[in-house]
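The values are calculated or read from the model by the stated rules, or taken from the named source; none is laboratory data. Values in this document were obtained by computation on a predicted structure and should not be read as measured data. Reconstructed Cβ throughout: ideal geometry from the backbone, glycine too, with neighbour counts over all protein chains shown. Just so you know, the surface numbers come from the protein's heavy atoms only, side chains and all, with ligands and any DNA or RNA stripped out. Shrake-Rupley method; radii C 1.70, N 1.55, O 1.52, S 1.80 Å.
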Amino acid sequence: MFTQTERLIAIRNLRPKRKQGFLKIISLFSYLGIMLGVAILIIVMSVMNGFRSDLTNKIIGLNPHLILQFNNKSDLKNIKKDLTKRYKEISITESITGEGIILTNSKAKGILIKGIREEDKSQSFLNKEITKGNLNDFSSGRVMVGGELAYNLNLEIGDKINVVSSSFIDTPFGSIPKQDNFIIAGFFNSGFYEFDQNLIYIELKDSRSIFDKEQGNVDLELFLEDPFLAEKYKKEIEKINQNIFISTWSDTNKSFFNALKVERNVMFIILTLIIIVAAFNIISGLTILIKNKTKEIAIIKTLGLSENSIIKSFFLTGFTIGFFATVVGVFFGIIFSIYIDEIRNFLSMVFGVNIFPSDVYYLDRMPSEINALSVSVIFFISLLITALASFFPAKTISKMKTTDALKYE
């Protein structure tokens, strides 16, 4: 594609003379700008990919893949029987979820209360996430509490707590909220800060009592082999019975995932502008270089080198800067992405600042997921921008008149 003569001219252009030191500075800034732009873009995209994947996995692990809510008990019995017969691969559990307040000796906090059947506890995420206590101790009258919630309220295994629900009962003294006492059986840690500080699990019979629910007045929770097929199952189940309200794990977190997607796209556009700005340095550097080498260009044209070869040699000069800057940027971007959490911990320790607070970002570590497709797209976009930035200044050589350049020589 490039002849040896064209490559030699490009190499000479990349090593300007001492009196052309300004060109060295422009070339250096071009190189650093593209390298940093590519590296930062890969790091940000990797962190956002990891952030989305981790949150998705946490949400899928903590939430049922489909939730079915009913208007009457007959619908519940019929649909449960039908689903069990139709879908052998689906696990079906019952649950009751509501809001309440947890009271200890000295503190109180609003919480989310989830009731599950004792026999279903092994199917829930609790089976893997118990950090203290034993899942076998979970039964009627006992409760599993999020680790962050336990820490905030100074709770220990075996402590007695009072749980007040959002349901009211009528008494001679007026309506009062239903409440009950529970013993703490264990703590869980999902890695999802928002859940760990607000969620408790109780046995389904206890939740029915505390929320004043009748027998059979529950939600059905469906767990699929592939959570990403939830939308497909939702449409199929809606055809069976139109009176059921069905929501998927993505429906309940739709606004959150949409916000992540928009933020990711905006960050990609903003950081790509860094590469474009750096590419302008290549344009200015090549323009100045061509201007300074007008005489040399005219001489080699008169010696027989074609105009096309001269254009290609100056194009190769700019493209070489961009190519090596892109390659080094990809290398540093991948290395930083792999060790991003270690780097975050080091900077937090050195500067005494919590760079990735879990109460803001919901996760207890900085995630990173290097996506080969994203890296490839960034790599080729950088090369394309560099190629365009190198081509247009080189193309101006075609407008140069040899006679004018050598008139006063």
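Only residues of region 78-121 count here: report those whose backbone N is under 11 Å from the spot 7 Å along Cα→Cβ of Leu229, or say none.
87-90
Divide by every residue of the chain the summed helix terms, -39500 (n - 2.57) for each DSSP H run of at least 4, and state the resulting mean residue ellipticity at 222 nm, rounded to the nearest 500 deg cm²/dmol.
-18000 deg cm²/dmol
Can you give the relative contact order of the chain as a percent, counting alpha carbon pairs under 8 Å and 6+ residues apart?
29
Considering only Cα-Cα distances, which of the following residue pairs are longer than 23 Å: Lys295/Lys395; Lys81/Lys239; Lys160/Lys205; Lys88/Lys235; Lys80/Lys132; Lys58/Lys114?
Pairs exceeding the cut-off: Lys80/Lys132.
I need the per residue convex hull volume for region 152-226, using only the alpha carbons, in cubic angstrom as a whole number.
147
With a Förster radius of 51 Å, plug the Cβ-Cβ distance of Arg86 and Phe280 into 1/(1 + (r/R0)^6) and report the FRET value to the nearest 0.05.
0.25
Can you give me the % of accessible surface on the chain that is carbon or sulfur? Probe 1.4 Å, all protein chains present, nothing else counted.
After summing per-atom areas, the C and S share lands at 58 percent.
Using 7 Å Cα-to-Cβ label points, what is the Thr97/Thr302 separation (nm, one decimal)?
Reported label-point gap for Thr97 and Thr302 is 8.3 nm.
Could you compute how fast the chain diffuses translationally, taking Rh as the Kirkwood radius over C-alpha pairs and applying Stokes-Einstein at 37 °C with viscosity 0.692 mPa s? Give it in µm² per second.
D, rounded to a whole number, is 124 µm²/s.
Which value, in Å², gives the accessible area per residue of region 229-273 when a 1.4 Å probe is used on the protein heavy atoms?
Using a 1.4 Å probe on heavy atoms only, each residue of region 229-273 averages 63 Å².
Val262 to Asn345: extension gain in nm, 0.36 nm per residue of separation minus the Cα-Cα distance?
Extra length from Val262 to Asn345 when fully extended: 27.1 nm.
Can you list which of the DSSP-assigned H helices in the chain have a Cα extent of 18 Å or more along the long axis and an average Kyte-Doolittle score of at least -1.0?
21-62, 254-292, 307-338, 372-395
Can you give me the three principal axis dimensions of region 201-327 from its C-alpha atoms, in Å, biggest first?
Dimensions of region 201-327 along the principal axes of its Cα atoms: 97, 30, 22 Å.
Suppose we keep just the DSSP beta bridges with both residues in the chain; what percent of those would be antiparallel, to 5?
Taking every DSSP beta bridge within the chain, about 80 percent pair in antiparallel fashion.
Report the net charge of residues surrounding Leu153, where surrounding means a beta-carbon distance below 15 angstrom and charges are Lys +1, Arg +1, Asp -1, Glu -1.
Combined, the nearby Lys, Arg, Asp and Glu give 0.
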